[in-house]
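Novice: I am attaching a structure below and will ask some questions about it afterwards.
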Amino acid sequence: MKTSDLLARGLGAGALAGLAGGLISGAALSRVGALPPTASLVRADAAVAGFVVHVLIAVALGAGFGLLVWYQRSGAGETLFWGLTYGALWWFLGPLTLMSLLLLGFLAWDVHSAQEALPSLIGYLLYGGVTGLALALLRRDRGETAPGSLWGVVGRGALVGLVAAWLLGILLDAQGQLHAFSTVMVGPARSAAWIATLLIGVAAGAGYALLYPRPPEGTGPGLVRGTVYGFFWWIIGPLTVLPLASAGKLAWSLEAARAGFPALPAFLLFGAALAVGYQWLDGLVRVLFSDLVAAVDREGLGTEGLRAIGRGALAGLVGGTLFTLVMIQIGALGAFARLIGSASSLAGLVVQVVIADLIGVSYGLLFRRQSYDVGSALGWGLSYGFFWWILGPLTLQPLFLGTAPRWTAEVAAGLFPSLIGHLAFGAGLGVVFHLLEARHNPWWVPRSRMEAARVTRRKEQVLTSAPALWTLVVAIALVLPIILGM
Amino acid sequence: MSPSLRRDLIAGASAGLIGGLTFTWAMQAQGLRAAAGLAGLSSTGTGVALEILAAILIGAGYGAIFRYQPFAYAATISSGVLYGLLWWIAGPLTLAPLLLGRGPGWSLQEADAALPSLVGHVLFGAITGLSFYVLVSLYRRARPGAEVVAEPPAAPTRRVVILGGGFGGVSTAQRLEQLFARDPHLEIALVSQSNYLLFTPMLAEVASSGLEAQHISAPVRAACPHTRFVRAEVEGVDTATQVVRVRASPSAPVETLPYDHLVLALGAVPNFYGLPGLEERAFTLKTLDDATRLRNHAIALLERADVERSADERRRMLTFVVAGGGFAGTEMIAELLDLVHGVLRYYPNIPAHEPRFVLVHSGERILPEISAPLADYALRKLRTRGIEFMLNTRVAGATVDAVLVGDGGRIETHTLVWTAGNQPHPLLRTLPCERNRAGAVVADTTLRVVGLDNVWAAGDCAQIPDVNNEGRPCPPTAQHALRQGQVVAGNVAAALRGQPLWEFRYRTIGTLVALGHRTAVAELRGWKFSGLLAWFMWRTVYLSKLPGLEKKVRVALDWTIDLFFPRDIVLTSHAATPTLAQTIGARSEVASAGATGPGAPAAADVRLEGGA
């Protein structure tokens, strides 16, 4: 097939997918009354006109999306995340830039405008997600068929989702924050919250299994993917479907999103646990029940483990030094010292370096042989750094200090400097680890045909959703605290 | 710089210019001074110029980091946005305040104030990424074949051949692998008879059934995954044409391996000094085969002795003689005692006082490698346990049922373990170079073999001057071989790259000798340890030196199991049982290769395989 034909098909499929995304997001946006600005683009005020304009734009953007990801991998798990990132990018380009420029004559790049445009950010994310999923359905013929029975896959996913939700529920319940997971369905009854939490777990788990019947990468990338998947569920769960079901309206306004913020870290951690759990369960099933012995091609978890640990520890030290510089700047070493019941900054420094090193070791084990150039090293490192911002200062640190983690937007915004520190840490960690790997054992230089195939698979992660994940993680990490926290 | 990198740098810089112009225009449009504070230093014009310059540099950085990948335009735009966000942190939040003499602006308030710039950076990143992809695509379309990607060569252009798969050879290969990190231009080949690296310090424990044989050896293919491993016997080396001739089996044809650099790490083989009967009847302790054969032999003797009626024959069966009081001999006799007494409960007809253990040593005292007090301690300890020592005594020969010692002495036995002499590998004698009296090739301090071009040596097969110990050669220990291998690798790399060579400098860290049954002696940099503490050190040190995590775990498990269960007495080979005369005649192939050596006087300097 000629390139132009391919592109035409991409345009067509993308436009159709964009139609689906536009219809759903348009319906949602009209509910929160966020359509008029779109409508005024054609100087019309009627809601119907606004809706039509929105859908038309959505179709055009969808066509662009179809073109953009045509050469990317076609699975639903890939296009979903590309769609989310595409939506987020268009929030910056659309409401904040082009529309504002066309309608008002200036750029709406300040915090106030961004806060006002929050509903449309959520709308764009929803649009992107739906468009991505629809495109995957339209392109299904090009996708790989999932081996094994569909029910087995869904069942495994649901099981892992149930367990992940249950674990997180225990953690939340102990802190008296079980509602965080299903915020908007606040009923006074604890049992209702439990049921909602577990149901969400099952649904999200089954959905994840459908997206990734066969998780392709290692545990580390799975963790990052799961984190973003959790974010997607935060959008469609506490902000969209749950309030719609319980109160008949969406929680997309600034206030409502602020109120729903505590559910975000819960969903991010849940997503990470879900992805890792599913990855491991799938691996276990393959080890125990698969007869395709020749296709397993594993060298065993222990092989090269010591070296990965050593490189991770060294990289963790370097990243930790970057982090320390940030922490000294903002005078936050005290919090680390308090973890061991001390008040001196030196103790804080030591604790901090030890923690950084442990995280570095875990990075070495989870992400070895995943980054093949500095760009992907930055991507994985930053994403991992963000994950630890959620898990560390927002969650574990208060737990160790004996207080309940408070996942409010204000607390998260107050930890913004620490977020920058974690991102710097992650970037340093990823890059140094990659350089160490490249120096002594560049895994992407193959020795045999079999290994060459594996290397190609991994190197083609630019064709998976990995780059979209990296960008989305950093964008969300930087933008949400600013918008919601101010 | 490769053509594709240059292309990506230039395209990145151009894309950065496009992105930067957009960014600056947008910031100016909303009346924001965009170079976030930098413009405050000077006039707006200068600020804009600075900003555009920064954008060009940042764009070049983008090209260098993310590079062009065909069809990956979605990823290119996405990574552009990521890169833009990173520069928002690095620029307006960090560098700009620093340049203005304030601390970095990482607080929420400052991030908040810089939000316009964040949106600008997202825009900048997206446009830069997209432009980069378009520019490179246009360039590639306009000039197809302009950048010829350097294909990896079909065959390597340089070859390093390593002979020997012991500590010296494997450490050379490993270091070379690191130094050349999968460089397709270089081929590293390692030729060895056995496909594993044997951890010799634990060999005695295999012979005494304390450890599983496979657990103390790591496959060369796993230890050096990027080295071409050739399991073959070396037939000869032609140093004039730089070719090694090898043969995979006696019936296989001879193959040739050309080399640019040759590393000799062949190690040593036992030396019987032509003493009668030894070559046929003595056990040696060089290979896994040797160790398992000795173990099977000892257990088979216990089985026979348990049913033997004749007291004389039983005494012969239960007498174990080790020749040589160095590391290997001392550890072996102690381990044999542990083995026999550990399993004696299974043999009700053998009284505990009957087994006899004799160590024959030609010197004044055992363990000449360590200081006198520790050697005395070892002697005392082992004597208390019931081991007999015949010092100042030499083995003169062996018959079917006895070992001849000194001037006419005779020990009735079926077991003689020979650790009293080693000699460098016989192949070395065929090389046209300088050799010492024992037959080892002479190397200089950079480990180059004297008199040969592009030939290097490491380990027991070479006489290497000890820089720290004027006039004396390095001792033949594993810890030296290991370091020599690393230096050889470094020097081969230096020679290939035209860099200056390194000298081999190493001071022995220490010596550790296990004496069986939770005792050992250790001497580390002059500090002396003995007893349980030293034994613990022995196990810790050697466990950490064992190659590969897998083997470490296995040996640690073996040792743990050993704490709770008696030693295993399963006979793994029936070859050892039929008749004792045959058994005693068994010997290793390596031993036979070494036995053709010149008959050295019994007083020859006894070189012992030692612990690291």
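The values are calculated or read from the model by the stated rules, or taken from the named source; none is laboratory data. Here the structure is a predicted model, which is why all the values come from computation and not from measurement. Backbone-built Cβ (ideal geometry, glycine too); neighbour counts: all protein chains shown.
Novice: On the given criteria, is B:A204 assigned to a helix (DSSP H, G or I) and either touching a residue at least 40 places away in the same chain (Cβ under 8 Å) or under 30 Å from B:Q69 (Cα atoms) (or both)? Working first, answer last.
Specialist: On the way: assigned to a helix (DSSP H, G or I): yes; either touching a residue at least 40 places away in the same chain (Cβ under 8 Å) or under 30 Å from B:Q69 (Cα atoms) (or both): yes.
Yes; evaluated as a whole, the condition is true for this residue.
Novice: Within the stretch B:220-239, restricting attention to residues that are small (G, A, S) and crowded, with 19+ Cβ neighbours inside 10 Å, which residue is farthest from B:Y259 (Cα to Cα)? Can you show your working first?
Specialist: Filtering the stretch B:220-239 down to residues small (G, A, S) leaves B:222-223, B:232, B:236.
Restricting the remaining residues to those that are crowded, with 19+ Cβ neighbours inside 10 Å gives B:223, B:232.
Details: B:A223: 22, B:A232: 16 Å.
Filtering first and then ranking leaves B:A223.
Novice: Looking at this structure, is A:I390 in contact with a Leu (Cβ under 7 Å, 6 or more places away or on another chain) and surrounded by 19 or more Cβ atoms within 10 Å (Cβ to Cβ)? If you could, list the steps in order and put the result at the bottom.
Specialist: Values: in contact with a Leu (Cβ under 7 Å, 6 or more places away or on another chain): yes; surrounded by 19 or more Cβ atoms within 10 Å (Cβ to Cβ): yes.
When the stated conditions are applied, A:I390 passes them.
Novice: I want to confirm something. Restricting to the stretch A:353-368 and keeping residues that are in contact (Cβ under 8 Å) with a residue 60 or more places away in the chain and either among the β-branched types (V, I, T) or surrounded by fewer than 18 Cβ atoms within 10 Å (Cβ to Cβ) (or both), which single residue is farthest from the other protein chains (Cβ to nearest Cβ)? If you could, list the steps in order and put the result at the bottom.
Specialist: Applying the first criterion (in contact (Cβ under 8 Å) with a residue 60 or more places away in the chain) to the stretch A:353-368 yields A:356, A:359-360, A:363-368.
Adding the requirement that they be either among the β-branched types (V, I, T) or surrounded by fewer than 18 Cβ atoms within 10 Å (Cβ to Cβ) (or both) leaves A:359, A:365.
On the way: A:I359: 19, A:L365: 13 Å.
By that ranking, first place goes to A:I359.
Novice: Would you confirm whether or not the stretch B:329-346 contains a residue that is among the basic types (K, R) and touching a helix residue (DSSP H, G or I) at 6+ places or on another chain (Cβ under 6 Å)? Write out each step before concluding.
Specialist: First, the residues of the stretch B:329-346 that are among the basic types (K, R): B:345.
Applying the additional criterion that residues be touching a helix residue (DSSP H, G or I) at 6+ places or on another chain (Cβ under 6 Å) yields none.
Looking through the stretch B:329-346, none of the residues is among the basic types (K, R) and touching a helix residue (DSSP H, G or I) at 6+ places or on another chain (Cβ under 6 Å).
Novice: Could you tell me which of the residues B:A240, B:A291, B:A298, B:A222 is of a type in the set (A, V, I, L, M, F, W, C), under 29 Å from B:V487 (Cα atoms) and assigned to a helix (DSSP H, G or I)?
Specialist: On the way: B:A240 fails: assigned to a helix (DSSP H, G or I); B:A291 fails: under 29 Å from B:V487 (Cα atoms); B:A298 fails: under 29 Å from B:V487 (Cα atoms).
Exactly one of B:A240, B:A291, B:A298, B:A222 is of a type in the set (A, V, I, L, M, F, W, C), under 29 Å from B:V487 (Cα atoms) and assigned to a helix (DSSP H, G or I), namely B:A222.
Novice: Moving to a separate point now. Right, A:A377: modelled with pLDDT of 75 or more and either under 21 Å from A:L435 (Cβ atoms) or in a loop (DSSP other than H, G, I, E, B) (or both) or not?
Specialist: yes
Novice: In a helix (DSSP H, G or I), among the β-branched types (V, I, T) and either at pLDDT below 90 or more than 33 Å from the chain's Cα centre (by Cα) (or both), is that true of B:V343? Let's see the steps before the verdict.
Specialist: Details: in a helix (DSSP H, G or I): yes; among the β-branched types (V, I, T): yes; either at pLDDT below 90 or more than 33 Å from the chain's Cα centre (by Cα) (or both): yes.
Yes; evaluated as a whole, the condition is true for this residue.
Novice: Given the conditions (1) in a loop (DSSP other than H, G, I, E, B); (2) under 27 Å from A:L80 (Cα atoms), report the number of the one that B:A74 does not fulfil.
Specialist: Unmet for B:A74, out of (1) in a loop (DSSP other than H, G, I, E, B); (2) under 27 Å from A:L80 (Cα atoms): (1).
Novice: Further question: I'm checking my understanding of the structure. Among residues of the stretch B:436-465 that are without any contact (Cβ under 8 Å) to a residue 24 or more places away in the chain and among the charged types (D, E, K, R), which one is surrounded by the most Cβ atoms within 10 Å (Cβ to Cβ)? Working first, answer last.
Specialist: Residues of the stretch B:436-465 that are without any contact (Cβ under 8 Å) to a residue 24 or more places away in the chain, as a first pass: B:437, B:440, B:442-444, B:450-451, B:465.
Subset that is among the charged types (D, E, K, R): B:437, B:444.
Working: B:R437: 10, B:D444: 14.
Checked the stretch B:436-465; the qualifying residue surrounded by the most Cβ atoms within 10 Å (Cβ to Cβ) is B:D444.
Novice: Related question: Counting only residues that are away from chain A (no Cβ under 12 Å) and within 16 Å of B:A495 (Cα to Cα), which one in the stretch B:164-175 is surrounded by the fewest Cβ atoms within 10 Å (Cβ to Cβ)? Explain how you work it out, then say what you get.
Specialist: Let us first name the residues in the stretch B:164-175 that are away from chain A (no Cβ under 12 Å), namely B:164-173.
Those left that are additionally within 16 Å of B:A495 (Cα to Cα): B:172-173.
Numbers: B:T172: 34, B:A173: 28.
Taking the candidates together, the pick is B:A173.
Novice: Further question: Given A:L162, A:L171, A:L198, which one is at pLDDT 90 or above and in a helix (DSSP H, G or I)?
Specialist: Details: A:L171 fails: at pLDDT 90 or above; A:L198 fails: at pLDDT 90 or above.
None of the other options fit; the residue is A:L162.
Novice: With respect to B:R365, determine if the residue is exposed (fewer than 14 other Cβ atoms within 10 Å of the Cβ), under 37 Å from the mean Cα position of the chain (by Cα) and outside any strand (DSSP E or B). Spell out the reasoning first.
Specialist: Working: exposed (fewer than 14 other Cβ atoms within 10 Å of the Cβ): no; under 37 Å from the mean Cα position of the chain (by Cα): yes; outside any strand (DSSP E or B): yes.
Taking the combined requirement at face value, the residue does not satisfy it.
Novice: What do you reckon, is B:L100 surrounded by fewer than 20 Cβ atoms within 10 Å (Cβ to Cβ), more than 7 Å from every other protein chain (Cβ to nearest Cβ) and in contact (Cβ under 8 Å) with a residue 12 or more places away in the chain? Before you say what the answer is, go through the steps one by one.
Specialist: On the way: surrounded by fewer than 20 Cβ atoms within 10 Å (Cβ to Cβ): yes; more than 7 Å from every other protein chain (Cβ to nearest Cβ): yes; in contact (Cβ under 8 Å) with a residue 12 or more places away in the chain: yes.
Spelling it out, B:L100 is indeed surrounded by fewer than 20 Cβ atoms within 10 Å (Cβ to Cβ), more than 7 Å from every other protein chain (Cβ to nearest Cβ) and in contact (Cβ under 8 Å) with a residue 12 or more places away in the chain.
Novice: Quick one: would you say B:S217 is outside the structural domain of B:N296 (by TED's automatic domain parsing), within 22 Å of the chain's Cα centre (by Cα) and either polar (S, T, N, Q) or crowded, with 23+ Cβ neighbours inside 10 Å (or both)? Steps first, please.
Specialist: Values: outside the structural domain of B:N296 (by TED's automatic domain parsing): yes; within 22 Å of the chain's Cα centre (by Cα): yes; either polar (S, T, N, Q) or crowded, with 23+ Cβ neighbours inside 10 Å (or both): yes.
Yes: the conditions hold for B:S217.
Novice: Out of all the residues in the stretch A:219-229, is one or more surrounded by fewer than 22 Cβ atoms within 10 Å (Cβ to Cβ), of a type outside the set (D, E) and part of a loop (DSSP other than H, G, I, E, B)?
Specialist: Within the stretch A:219-229, not a single residue is surrounded by fewer than 22 Cβ atoms within 10 Å (Cβ to Cβ), of a type outside the set (D, E) and part of a loop (DSSP other than H, G, I, E, B).
Novice: Restricting attention to the stretch B:87-96, does a residue exist that is touching a His at 6+ places or on another chain (Cβ under 6 Å) and facing chain A (nearest Cβ under 10 Å)?
Specialist: Scanning the stretch B:87-96, I find at least one residue that is touching a His at 6+ places or on another chain (Cβ under 6 Å) and facing chain A (nearest Cβ under 10 Å), so the answer is yes.
Novice: Being out of contact with any Gly (no Cβ under 8 Å at 6 or more places or on another chain) and within 25 Å of A:V431 (Cα to Cα) is the filter here; which residues of the stretch B:89-102 pass it?
Specialist: Going through the stretch B:89-102, the residues out of contact with any Gly (no Cβ under 8 Å at 6 or more places or on another chain) turn out to be B:89-91, B:95, B:98, B:101-102.
Listed by number, the residues that qualify are B:I89, B:A90, B:G91, B:L95, B:L98.
Novice: For B:H517, all conditions in the list (1) loosely packed, with under 14 Cβ neighbours inside 10 Å; (2) over 30 Å from B:V220 (Cβ atoms); (3) modelled with pLDDT under 90 hold save one; what is the number of the exception?
Specialist: Looking at each condition in turn, B:H517 falls short on (1).
Novice: Next question. Of all residues being modelled with pLDDT of 70 or more and within 9 Å of chain B (Cβ to nearest Cβ) in the stretch A:428-459, which is surrounded by the fewest Cβ atoms within 10 Å (Cβ to Cβ)? Just the residue, please. I'd like the intermediate steps shown before the answer.
Specialist: So in the stretch A:428-459, the residues modelled with pLDDT of 70 or more come out as A:428-440.
Add one more test, that the residue is within 9 Å of chain B (Cβ to nearest Cβ), and what stays is A:438-440.
Details: A:A438: 19, A:R439: 12, A:H440: 14.
Out of the qualifying residues, it is A:R439.
Novice: For the stretch A:58-118, list the helices (runs of 4 or more DSSP H) that sit wholly inside it and hold at least 3 residues that are facing chain B (nearest Cβ under 9 Å) and under 29 Å from A:G485 (Cβ atoms); which are they?
Specialist: On the way: elements: A:76-93, A:99-104, A:111-116.
Passing ranges, in order: A:76-93.
Novice: A further question on this structure: So is B:A378 buried (at least 18 other Cβ atoms within 10 Å of the Cβ) and within 23 Å of B:R314 (Cα to Cα) or not? So that I can check it myself, show each step before the final result.
Specialist: Working: buried (at least 18 other Cβ atoms within 10 Å of the Cβ): yes; within 23 Å of B:R314 (Cα to Cα): no.
Here the answer is no, as B:A378 does not meet what is asked.
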